[in-house]
Amino acid sequence: MNRVRLLVFNAALGPLDYRVPDGMTVEPGAMVLAPLGPRQIVGIAWEEDRLPTEPVADAKLRPLLQVLPVPPVSFELRRLIEWTADYYCASLASVARMVIASGGALSGPRTTTEYRLSGLEPDRMTAKREQAMDALQGEQATIRELAELADVSDGVLRGLVNQGVLEPVEVDIDRPYPKADPGHAQVELSAVQQDVAAELVTAVEKREFAPILLDGVTGSGKTETYFEPIAAALRAKRQTLVLLPEIALTEAFLRRFEDRFGAPPIVWHSSLKSTERRRAWRAIAEGRAQVVVGARSALFLPYAALGLIVVDEAHEISFKQDDGVRYNARDVAVMRARFEGIPVVLASATPALETMQMAESGTYRKLDLPSRFGGAQMPDIKLVNLTEEKPEPGRWLAPPLTREMFKRLEKQEQTLLFLNRRGYAPLTLCRNCGFRFQCDNCSAWLVEHRFSRKLACHHCGHETAPPATCPECGEKDCLVACGPGVERIADEVAEILPDARVAVATSDTLSSPEKAAQFVASAEAKEIDVIVGTQLVTKGFHFPDLTLVGVVDADLGLEGGDLRAAERTYQQVAQVAGRAGRGEKPGEVLIQTRHPEAPVIAALADGDRDAFYEAETEARRHAGAPPFGRWAAIIVSSEDEAEAKEAARAIGGTRPDHPEIAVLGPAPAPMALLRGRYRYRLLLNARRSAQVQDVIRQWLGQLQFPRGVRVSVDIDPYSFV
Ligand code: ADP
Ligand code: ZN
């Protein structure tokens, strides 16, 4: 009899066997519809020997219902799914879900009805209708999506449809995308860029696995250079995937891409409308999508003919996903390239130590762009020692920095102040009794946001209005803000330079691609004199008249105590420094610090990247930290504190006795309470040769936990919270 084994998207079900009815052919990787009890489920046909399960007698098998009208999941992608699940100790089901990513893509009509405002007025205006009509100006989407956008019920919008205020538009969801043209506007590359581009083009033409580190200083033209292998892939009719660390960066990238290739690439991120998602997914799976730019989730899509992967700003920690499948998109990108047999380019001005090590050992090829394009000089970097040059009480900008800011304003040049802290102040307390505002759900202070008048938890999103009186002692007007956030720095700038036009750039103020685009446009039009921003402004932006960068507190990142603190500080400060003097005017960077002697700060001041990597490499080697050893974390959580503690103790009590693996903990996690769950953590430090994943699987596999307990494994963790 003809049988088939399915990988289904619910891990609890395990693999399921079905009968293939006469006349139906099911290729490996085919997506199929199958009966499960009274329901229907989607599954992927998988190789039986790679998906072991209890055998089921032929007679008991139910027949498949249908092969879905989409291309099968390729051999290479099936192997990537297996590798990812295995390496990150995740279920195959949860990895496969990232491949599907669009339920709508698997079936359904090829046209859909969307709605938009017709210009007509309703016969009766209500508050809800008015709200909807204001919010939906210029929008076109399904009723569901419009209702969400306008924050009204479907019913309100249906009423407007009946009145003709919203008109239906039939759209072909699978309509083709504009074609990118490799020869549209070729840029003349510098000699160095040309050499690097030629190597990359050759790698694409060869069609074999080639991991490449594109190591180029900020402003060296990494993007311009990697556009050439993209052009080569276009010519060869192969697809390219460009991974960016943040959606906020996509806008600038889209513009440059369109300038070069005459059409925008296809964008993929988590907040796409469902129809856009379906359209993109099908174009990708059918090979019609030429170039896809996206956040890390774009990595698992079923590309029909992938020819090149680029990971831009490859050192960024946002490539690490910290919920669901805890994977690092940079590392999985390299694996995907390996399975597909194609080149992968990791572009960065401050590569991760792990990546540098791979390059040094010859595993990755390293191509260098050592200087800025067009003769622009690297900025001049100076330290401001805050223990000597003190800001005035209650202020955060020291005199040497404010003096320079003053000069920039006079010369009509721009300043960027970097502080990686959103909001007004990281801590609010009562002057009278010392009460501190803390989140009810998390071990975290509430952060005051003055623009939006609220106290917010940056971990769970909990928000509350600042009370008029202290909840503890009842005193009026007694709340004091402690420490600076970007909003407070912006206030300080407004006091020091009353004529300056100040903009705050954070994920709060640049929350949508439109707002990000507006910000870029006004900075380029020089409608902004001083930008105060978080890590969001450290990369991607190119403002030629920005000549001064001030790092408000370089020590901030070093205080966290996490494994990569020094590296991250180095990367952030080097990146933000890279925003200065990108045009003809030279740039200057002032770094405020209380620890000028710290190796990372000294290396930044000397502009000596090699010194930093050397010192950091030694420190890591000494600690058995990556890339010399490996870390893994086990996080146990429950809404019940005693239950979490008990489960953590049970895990700790059965720890394996392994000569190459040290187990630390269990201990309360630094964020001992997060989103209402109590958390304990164990850390594993292993030699490279140890099979950590196997050890963890065996260890946890023997244990049983109460329903409310969640145990998650984080391989190569970044965030130690
Ligand atoms: P990076 O990504 O290395 O920081 P970019 O690719 O953003 O550098 O390039 C920095 C600036 O120099 C951009 O404005 C870019 O358009 C410009 N540029 C780089 N290379 C060239 C070139 N060959 N011709 C014209 N402009 C270039
Ligand atoms: Zn919280």
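Here are the numbers:
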{"read-out": "Selected residue (only one of ALA667, ALA650 is at pLDDT below 95 and in the same structural domain as ILE696 (by TED's automatic domain parsing))", "value": "ALA667"}
{"read-out": "Given (1) surrounded by 15 or more Cβ atoms within 10 Å (Cβ to Cβ); (2) closer than 27 Å to ALA337 by Cα, number of the condition LEU65 does not satisfy", "value": "(2)"}
{"read-out": "Residue that is closer than 23 Å to LEU604 by Cα, of a type outside the set (D, E, K, R) and not assigned by TED's automatic domain parsing to the domain that holds GLU224, where the choices are THR350, THR387", "value": "THR387"}
{"read-out": "Selection count where residues are open to solvent by less than 20 Å² (accessible area, probe 1.4 Å) and outside any loop (DSSP other than H, G, I, E, B), scope the stretch 72-89", "value": "7"}
{"read-out": "Residue within the stretch 182-190 that is on the phi < 0 side of the Ramachandran plot, in a loop (DSSP other than H, G, I, E, B) and among the hydroxyl-bearing types (Ser, Thr, Tyr) present", "value": "yes"}
{"read-out": "Flag if GLU616 is open to solvent by 60 Å² or more (accessible area, probe 1.4 Å) and either assigned to a loop (DSSP other than H, G, I, E, B) or farther than 29 Å from GLU404 by Cα (or both)", "value": "no"}
{"read-out": "Residue that is surrounded by the fewest Cβ atoms within 10 Å (Cβ to Cβ) [pool: residues in the stretch 675-700 that are in contact (Cβ under 8 Å) with a residue 24 or more places away in the chain and in a helix (DSSP H, G or I)]", "value": "GLN698"}
{"read-out": "Filter result for GLY561 (open to solvent by less than 40 Å² (accessible area, probe 1.4 Å), part of a loop (DSSP other than H, G, I, E, B) and modelled with pLDDT under 85)", "value": "no"}
{"read-out": "Hey, LEU234 in a helix (DSSP H, G or I), surrounded by 21 or more Cβ atoms within 10 Å (Cβ to Cβ) and touching a residue at least 40 places away in the same chain (Cβ under 8 Å) or not", "value": "yes"}
{"read-out": "Selection status of VAL537, of a type in the set (A, V, I, L, M) and under 17 Å from GLN414 (Cβ atoms)", "value": "yes"}
{"read-out": "Per-region count, the stretch 404-437, residues over 27 Å from the mean Cα position of the chain (by Cα) and within 16 Å of ligand 2 (Cβ to nearest atom)", "value": "3"}
{"read-out": "Residue satisfying all of: in the stretch 1-37; touching an Asp or Glu at 6+ places or on another chain (Cβ under 7 Å) and in a loop (DSSP other than H, G, I, E, B); farthest from ARG50 (Cα to Cα) among these", "value": "MET1"}
{"read-out": "Residues within the stretch 489-502 that are within 14 Å of ARG408 (Cα to Cα), open to solvent by less than 20 Å² (accessible area, probe 1.4 Å) and assigned to a helix (DSSP H, G or I), tallied", "value": "1"}
{"read-out": "Residue match in the stretch 236-256 (condition: under 24 Å from GLY583 (Cα atoms) and among the β-branched types (Val, Ile, Thr))", "value": "yes"}
{"read-out": "Residue match in the stretch 475-483 (condition: outside the structural domain of GLY294 (by TED's automatic domain parsing) and either under 27 Å from the mean Cα position of the chain (by Cα) or within 16 Å of ligand 1 (Cβ to nearest atom) (or both))", "value": "no"}
{"read-out": "Test result for ALA623, closer than 20 Å to ASP323 by Cβ and of a type in the set (A, V, I, L, M, F, W, C)", "value": "no"}
{"read-out": "Residue within the stretch 405-412 that is touching a Ser or Thr at 6+ places or on another chain (Cβ under 8 Å), modelled with pLDDT of 90 or more, part of a loop (DSSP other than H, G, I, E, B) and closer than 16 Å to ASP491 by Cα present", "value": "no"}
{"read-out": "Filtered residue count, the stretch 195-228, keeping only those that are more than 9 Å from ligand 1 (Cβ to nearest atom) and in a helix (DSSP H, G or I)", "value": "13"}
{"read-out": "Among (1) touching a Ser or Thr at 6+ places or on another chain (Cβ under 8 Å); (2) open to solvent by 50 Å² or more (accessible area, probe 1.4 Å) - the single one ALA672 does not satisfy", "value": "(2)"}
{"read-out": "Which numbered condition VAL447 misses (of (1) in contact (Cβ under 8 Å) with a residue 40 or more places away in the chain; (2) more than 16 Å from ligand 1 (Cβ to nearest atom); (3) closer than 16 Å to THR534 by Cβ)", "value": "(1)"}
{"read-out": "Residue list for the stretch 356-386, filter: within 16 Å of ligand 1 (Cβ to nearest atom), buried (at least 18 other Cβ atoms within 10 Å of the Cβ) and at pLDDT 95 or above", "value": "LEU367, LEU369"}
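Residue-wise test of (1) among the charged types (D, E, K, R); (2) in the same structural domain as LEU68 (by TED's automatic domain parsing); (3) open to solvent by less than 40 Å² (accessible area, probe 1.4 Å); (4) touching a helix residue (DSSP H, G or I) at 6+ places or on another chain (Cβ under 6 Å).
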site: ASP259; (1), (2), (3), (4): yes, no, no, no
site: PRO265; (1), (2), (3), (4): no, no, yes, yes
site: TRP268; (1), (2), (3), (4): no, no, yes, yes
site: ARG277; (1), (2), (3), (4): yes, no, no, no
site: ALA289; (1), (2), (3), (4): no, no, yes, yes
site: ARG296; (1), (2), (3), (4): yes, no, no, yes
site: ALA305; (1), (2), (3), (4): no, no, yes, no
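The values are calculated or read from the model by the stated rules, or taken from the named source; none is laboratory data. Please read these numbers as outputs of a predicted model, since none were measured by experiment. Cβ atoms come from the backbone with ideal geometry, glycine included; neighbour counts cover every protein chain shown. For the accessible areas, the whole protein counts, side chains as well, though only heavy atoms, and no ligand, DNA or RNA atoms are used. Shrake-Rupley method; radii C 1.70, N 1.55, O 1.52, S 1.80 Å.
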